[in-house]
Every structure is written in C-alpha cells, then in structure tokens.
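Single-structure report; data block below.
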Amino acid sequence: MRKTLMVVLFCMPAAFSLAQAKSVPAAHAADDIVRLAWAASNKDDLKGIDALTDEMLQHYGREARLLASQLSGFPRRDEFDNYKIMSDVATVLFIKAEALKRHGNNAEATKEFKEIIEQYPWAQSFDPSRGAYWSIAEKSKDSIEEMEGKTPSNEETHRKLAPKTVPVLKFPGKRVVDWTKYGKFLNVGTENYHYEITDRPGLLAALGEGIYPNIMDLYKDPGYKKALKECRLNGTPWDFTDTPDLQAAFYKWFTSPENWGVKLFYIGQTFEKAKMYLQAIKAYDSLIVNFPSTLAWTYWQTPWYPAQAAVYKIKYLIRVHPELHLALDGCRIRILYPDNAHKYVTITWPGTLRQLTPAEIARQKTNPEPEKIPLGQPVYYSGQGEVRFVKYSSGHWQLLVDNKPFMIKGMSYMPTKVGQSPDDGTMVDWMQEDDDHDGKIDAPYQAWVDKNGNNKRDPDEPVVGDLALMKEMGVNTLRIYYQATMKADKPFLEKMYKKYGLKVAMSNFLGKYAIGSGASWSQGTDYSNPIQQQNMLNYVRQMVMEFKDEPYILMWILGNENNYGVASNANKNPDAYYKFVNKVAKMIKSIDPNHPVAICNGDTLFLDKFAKYDKDVDAFGANVYRGDYGFGSFWDEVAQLSGKPAFITEYGAPGFGGSSMSYQEAQQAQADYHKGNWLDILYNSAGYKDGSGNAVGGMAFEWLDEWWKDYSPAVHDTKADVVGPFPAGFYYEEWFGIFGQGNGSQSPYLREPRKVYYTYKKLWNS
C-alpha cells in the first residue's frame, strides 16, 4: 500500500529556466557531500561541516532554490529523484544546524533551521537504514522547539480525543453470506477462477450496504450526502487511514478511485476499527471471492496481495472473537512467483464462510484452543549439539535445547538513552553504559517502573532492572548484534543467562550497512567481490570463535533483511548473496557444530533463492510486519519452498495512534496486535492441526521506545510519516516499545509499562 502525496508544479518564468540554474561542476557530487557531512557530524567536526556546506551552496544552492519554488507539496516517491538536489542541499544545512545546536550555538542553529523551513519546506531526506523519507523542515521545527524548551509534555502528547464516529448502515444485510446461493464458483483451484453472479438482487440484499457488488445505494445514503456537504471527504483515501471519523473513512474508501481489491481491504479495516466485525468479515470475504488476483504495492514498492491477506484477516477475527461462532473452511489463495509482478499467478480456493454448528459451539466453550495432532517420531535432526532442530514424522518441527522443546520467546533489546543517536555519534553501547558511575550497567540492573506516570521514582517504585522485568514477562531469548567495535561484557551475559534464564541469538549484519565487508557506505557491500567476502568470513569467524563455547548462545543469525539492499547489492544480485550466506553457514558449522545457523530475511522476498542455495542454513528467520492478524501465508510459503523450520526475527506495532486514538486506545491496539501475532506463531508451531507446524518462535520488536528514530533524539516524535500495516495506519517508529520512557527526563532508568507487557505475561507464562 502506497501513500500518495499530491504535488502541484508551477510554471517557470519564461526568462529563467531550470537549465540556467544547473549546478556548476564541484569537487564532489551532491550526494557525496551529504555522505561526507554525515561522517563529519559523527566525528563532531564542525569545521569540516562548514566547508562542506559552503561547497554545497556554492555549486548546488541555486538549482536547489529553483526546484523548491516549483513545489507546493511533497513530491511523490517516484518523483523524488527529480528534486534530489534540493533535498541534498537542505540535508547538509540540517546537519550543520544540528552541529551548531550540539555546540550550544543556539542563535546560529535557529537561523539555519529557519532557512530550511522557509526555503525548503518540501525537502525530504531518504534514510536507507530506516527505509523511509523524513521531512527536513519538520525536524528543523522540532529542533527549534527543543532549544526554546517547548517540547510537548506527556499530557499534551497523549491528549484525549473526541469520540469516534462509526459507519451507520441503512441496511446491514445477512449475518453470513452463502455465495453459492447467488452465483457459481468457476474453475476453483486454478488461475482462471472467477465468481459468476446468477441472482444479483438476492446477493445485494444479503451483502448489505457498502459491500461489493452492492455499489449504488451508498450514493443515496443521507449520511454520505451529509459528509460530502460538510467537506469531511476532502483529500485522498490515504488521508483517512488515521482518522477518528470512521463514517467518513468508510464513505471515502468506498468512493475512491482505487481498484476494488484495495478498497474492500480498507473498508474491512474501517469496519474493524468501528468494532463492526461481521461487516469487516463480509468485506474481506467479498475481496476473496471477487478480486483474489489483486496486486497492490507497499510503501517500499514491493508487491502486496490484499486478497491473500484478507484470508488471514478473517481467520484472525474468528480466532479473537469466538463469540461470532464462525468458521472459514477450505479458503486458500496461493501466489506463484510472488516477487515478480509481471509473472505472478493466483490460484484460488474461495472456501466457505459459515456459522458453527451447536456441537462445535459447545466444544469451543469447553476447549477454545485449536485442535492438536500427535507429532510422531523424530525423523531428522539439524545439528548435533545441545541446541538443534528436530523434524517429526508428522512433518512438524521443534527447536530443542538440552533435548527439551524450546519455543523462542524473544525480544529485540537495545535500550537507548533519550538524547543519544547514532546519527550524530552520541549513542553509547548499552552494555557499557553507567550514567551514575556505580559500577552497574544502567538499563539491565537499574531500571524502575513508573507505576503512576508522574515521571519520578516514588518510594513504592523500587529499582528492578530490565532483566528482572523480562524474566517476569516470560522472555527467554535476546537478539544481540555482534560488532567488533563494541565490547561485549561476557560476565554480564553469563549472569544474564544463569540468573534470569536469557539465551542470546547472536546476530551478524553480514555486510548490511557495509558492516564487516570493508566497503564504504556509498559503495555498499558487493556479495560477488572475493575480497569483501573474505572480510565478512573473517568477521563472522571472529564472532563465532569468541562466543561458541558460551553457555548462553542459542544460535547464530546471519544478516538483517539484507535482501532489501541498503549499502549492499543483495537486492540486485540475490544469487550471489544467498550463495554467500550458505558459504558462511558451512564455515560456522566447521567451527561450531553445536549451535544452529539461521538467516534474517526481509519477509519472504527471494525465499526461492534461499530455498535453492542455502541447504546448510538450519532455519529461515525473517523480519515481518503484516498486520494484527499475524503473518499470513508466511509459514506455508516457507514450508512449501524450503521445508525448513521458521521464526520471526522482528514483529510488533507502535503504542501510539496519532489523531485516531487516545493513548489508552493505542496501548490496547498495540497489545491486541502483539497477541494476534503471537497466537499466529503459536498455532503454526508443532502439534497444531490446522497450522503449518514449522514455527519455532518469534522476537518481539522492541523492549523500549527509541527516541532517535525520527532524527530529533530529545523529542518523542508523533508525526505520521510512513504508511504501514498498523492500528492507526502509520509506523510511528519511535513508539514500538513494550515500555515507554515517560517524558524522557528520567532516561535511561524510567520504564512506563504499556498494556502489551501484561498481555505477554499471560501469553508467555501460561
């Protein structure tokens, strides 16, 4: 799903053209100056930044100002390159202003920030490590407010909102639609599947208002006419993903120019937000029946198949709302060649949505857990040490630790003090951070829970530490990245394991962000380069030799969604990348046969390459963010293509909901999202009849909010920037924590528990 930003281009004066403003040849290209300026910022080299800023303005300033004059809104993502010079100039000015602010020169910093705001209001910088664009002017305003002491308080950020409006339907139709009464399913189980209507009036009456193909009556709806008159429908449909006016969102999506496959998915989501679950299910069901082959695009321009997601949306709603007494039988959409938008093929089994029988309802009340099956006998072991995977005759997989089943209940853990950022070189390794100089690592041992949200430690709020909180929550694994430049505290990690039961999934970036390959960021890792390959092999070998005999090691994880690119060519040369991953896995096993090796992929992109080349990798791990319903076809795809066990290396959702949710509602939505994701992992693990049987756990993202993610590390950013599959429709990347940091004044110690913490205490300790 792509958020479209409208852009208006003005005519250029006849006497002055863009050609006349083209850049004068410079010592460096504009993007090289940006890269060098960030590097100088990391070294706190103010003189270097000054020189680079002067070079940028001298050679590219005129063209940048002309480009800026043409815009009255952000350029669309596919037009970004046309305005890149403008954004490069604004980025360097921003780097200089931030450096001045760090040096206490607030007057000059404010002057630079204001120049950005006035001259380059639509400039954006692309951050490849985050995979998103950010508004330079918006971050400049944040920095000015920070210097002026105008940072919003907790109470202002978590303001209470006006009550939601919900769709009011003229007629809702039947509770469940039996499509076979009103038409025929043709060519089921083939790429030529389609639904043929034989009784249109009957079908429209059964569906009710607002569900395709019932498309005419809504325009006669008084509510629609009223919303139109009140200008509540102004804007694009994507402007309605984060609104409390669900009535308007329903009308807007229904009347939008998007294709019906996309429209039905978002109509269904709108009904979900309004807690109209039967209508939501009907919208998703209509999408499956009528538009199973719909192709859409994510923000990152990767293919997305709404109908396949709709299958799992229905299953999720039935699972978490057993009071609906519904079942979905035999529904499946399989996508062949899903990574190729020009070649993909959809195979559809529409299945049957039905009400449960009285006997099924009785069983559901006495035993709500899904039906299980025997595992059978072990038929294959992956590995020979105390940690290994086992496959049973049922086809299901488990991870064994000391010959006992081990479900990964993992956590991404990088507690960052408010104000620190890797962008300006101020981030401190959490394993070495001791702010109060008492000889103890701050976050693991000295964190405390702010029970009443007053941003101070009261007498009944003892110091407990993150490790104790994790043990209480049920966490058994931390995902930690190995970096040779950072000193891992082995005695601490051993104590963490022995006292708190926390294993470590030791991860190596394997050239992501050019780490370990010897390449520069601008060059990026080349996985076909033998010198860079050897550098990375040496880097991984160093990691394995350092930690292979430690009792807390669970497994080795290679990469971090390298297949998306970012300072590497894994996305452009996937064959070379996945071949190299297997080469690294073989090397690891020659040194350490006692711990399994996994990959960290970005979702299932290039899963076919992994299946083809990575025979020596024991498990498929992936960072996956698909929605509250879980991971959809992920488990089936991995089972079919690779036959290996699988786990989720990152999943989660923000605890902030923008303008559409109060903070309490956003917390609940975050908790529900995590619960839906974990149950999807659980019910696809070994022994569950209707699951894939290959899930061995997951690693929630993340323990603590990181305030630096949107570039103002002292500000808890609340801007909705990137569209995503989350409760409010946007990422809000600084709010993914299981815990918040309050208003930031007591960082790195204060922990503000969100509802999701208590959700996991129940899920992971039962």
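The values are calculated or read from the model by the stated rules, or taken from the named source; none is laboratory data. Just so you know, these numbers come straight off a predicted model, no measurement behind them. Because the Cβ atoms are built from the backbone with ideal geometry, glycine has one as well, and the counts that use them run over all protein chains shown.
To keep it simple, each residue is scored yes or no on (1) more than 28 Å from Y758 (Cα to Cα); (2) among the hydroxyl-bearing types (S, T, Y); (3) crowded, with 16+ Cβ neighbours inside 10 Å.
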| residue | (1), (2), (3) |
| --- | --- |
| D438 | yes, no, no |
| N452 | no, no, no |
| A488 | yes, no, yes |
| Y497 | no, yes, yes |
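Sort through L336, L356, L324, L375 and tell me the only one that's closer than 23 Å to S692 by Cβ, over 28 Å from the mean Cα position of the chain (by Cα) and among the hydrophobic types (A, V, I, L, M, F, W, C). Result: L375 is the single residue among L336, L356, L324, L375 that is closer than 23 Å to S692 by Cβ, over 28 Å from the mean Cα position of the chain (by Cα) and among the hydrophobic types (A, V, I, L, M, F, W, C). So, L537, is that one modelled with pLDDT of 95 or more and crowded, with 23+ Cβ neighbours inside 10 Å or not? It is false that L537 is modelled with pLDDT of 95 or more and crowded, with 23+ Cβ neighbours inside 10 Å. Selection within region 686-739: residues that are under 30 Å from P368 (Cβ atoms) and aliphatic (A, V, I, L, M). The member of this set that is nearest to the chain's Cα centre (by Cα) is A700. I'm trying to understand the selection: among the residues of region 451-501, which are of a type in the set (D, E) and in contact with a Pro (Cβ under 9 Å, 6 or more places away or on another chain)? Matches in region 451-501: D466, E494. Restricting region 214-273 to residues that are of a type in the set (A, V, I, L, M) and over 19 Å from F726 (Cβ atoms), the residue that is nearest to the chain's Cα centre (by Cα) is L264. Of the residues screened, S685 is not one that is farther than 13 Å from A653 by Cβ, surrounded by fewer than 21 Cβ atoms within 10 Å (Cβ to Cβ) and among the hydroxyl-bearing types (S, T, Y). Contact map, region 208-229: first residue on the phi > 0 side of the Ramachandran plot, second residue of a type outside the set (S, T, N, Q) and in a loop (DSSP other than H, G, I, E, B), Cβ cut-off under 6 Å, separation 6 or more or different chains; pairs are G208/F171; G208/P172; G208/G173.
Are any of the residues in region 664-676 part of a helix (DSSP H, G or I) and touching a Leu at 6+ places or on another chain (Cβ under 6 Å)? No, every residue in region 664-676 fails to be part of a helix (DSSP H, G or I) and touching a Leu at 6+ places or on another chain (Cβ under 6 Å).
Candidates are the residues of region 552-578 that are free of Cβ contacts under 8 Å to residues at least 40 places away in the same chain and assigned to a helix (DSSP H, G or I); the one that is nearest to F647 (Cα to Cα) is Y578. Of all residues in region 599-628, those being charged (D, E, K, R), more than 15 Å from W304 (Cα to Cα) and either assigned to a loop (DSSP other than H, G, I, E, B) or outside the structural domain of F730 (by TED's automatic domain parsing) (or both) number 5. Of the numbered criteria (1) out of contact with any strand residue (DSSP E or B) (no Cβ under 8 Å at 6 or more places or on another chain); (2) at pLDDT 95 or above, the one G385 fails is (2).
Candidates are the residues of region 727-759 that are assigned to a loop (DSSP other than H, G, I, E, B) and hydrophobic (A, V, I, L, M, F, W, C); the one that is farthest from Q446 (Cα to Cα) is A728. Could you check, for region 546-553, whether at least one of its residues is of a type in the set (K, R) and surrounded by 24 or more Cβ atoms within 10 Å (Cβ to Cβ)? No, the conditions are met nowhere in region 546-553.
Among all residues of region 475-496, there is none that is among the basic types (K, R) and in contact with a helix residue (DSSP H, G or I) (Cβ under 7 Å, 6 or more places away or on another chain). Scanning region 446-471 for residues that are of a type outside the set (A, V, I, L, M), part of a helix (DSSP H, G or I) and touching a strand residue (DSSP E or B) at 6+ places or on another chain (Cβ under 8 Å) turns up Q446, D466. Within the bounds of region 238-260, is there any residue that is over 15 Å from E209 (Cβ atoms), in a loop (DSSP other than H, G, I, E, B), in the same structural domain as L324 (by TED's automatic domain parsing) and of a type in the set (V, I, T)? Yes, the conditions are met somewhere in region 238-260. Those helices (runs of 4 or more DSSP H) of region 275-390 in which at least 1 residues are in contact (Cβ under 8 Å) with a residue 60 or more places away in the chain, considering only elements entirely within it, cover 277-290, 306-320.
Looking at region 315-328, can you tell me whether even one residue there is touching a Gly at 6+ places or on another chain (Cβ under 9 Å) and of a type in the set (D, E)? Looking for residues that are touching a Gly at 6+ places or on another chain (Cβ under 9 Å) and of a type in the set (D, E), one finds none in region 315-328, hence no. Any residue that is closer than 20 Å to G425 by Cβ, out of contact with any strand residue (DSSP E or B) (no Cβ under 6 Å at 6 or more places or on another chain), at pLDDT 85 or above and in a helix (DSSP H, G or I) - is there at least one of those in region 70-83? No, region 70-83 contains no residue that is closer than 20 Å to G425 by Cβ, out of contact with any strand residue (DSSP E or B) (no Cβ under 6 Å at 6 or more places or on another chain), at pLDDT 85 or above and in a helix (DSSP H, G or I).
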